[in-house]
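What follows is calculated from the coordinates using simple rules that are stated; it is not laboratory data. Everything numeric in this text was worked out from a predicted model, so none of it was measured. Cβ placement follows ideal geometry from the backbone for every residue including glycine, while neighbour counts extend to all protein chains displayed.
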């Protein structure tokens, strides 16, 4: 009985995870880059580089600092 409960729990967890990721992806596509930052009240444009990985790598090489890449799901 315990094994069956565990498998059902894992199944529902996986369904929840993928549903949440799908909703976040649709919301991100609907809002777009600039509107998404405004919706999140994200005003750190001078500190972060958004949606431009090449620019981030160039800045990292210019300053000699490592680049931290964050993939966010925002529902």
Obtain the nm distance between the two label points defined at residue 5 and residue 57 by a simple spin-label model: each point lies 7 Å from its Cα along the Cα-to-C-beta direction.
5.0 nm
In nm, spacing of pseudo-spin labels at residue 14 and residue 47 (7 Å Cα→C-beta vector)
3.9 nm
Separation in nanometres of the label points that stand 7 Å from Cα toward Cβ, at residue 69 and residue 21
1.6 nm
Among 61-71, 10-20, what's the highest-first ranking by average C-beta atoms within 10 angstrom per residue?
10-20, 61-71
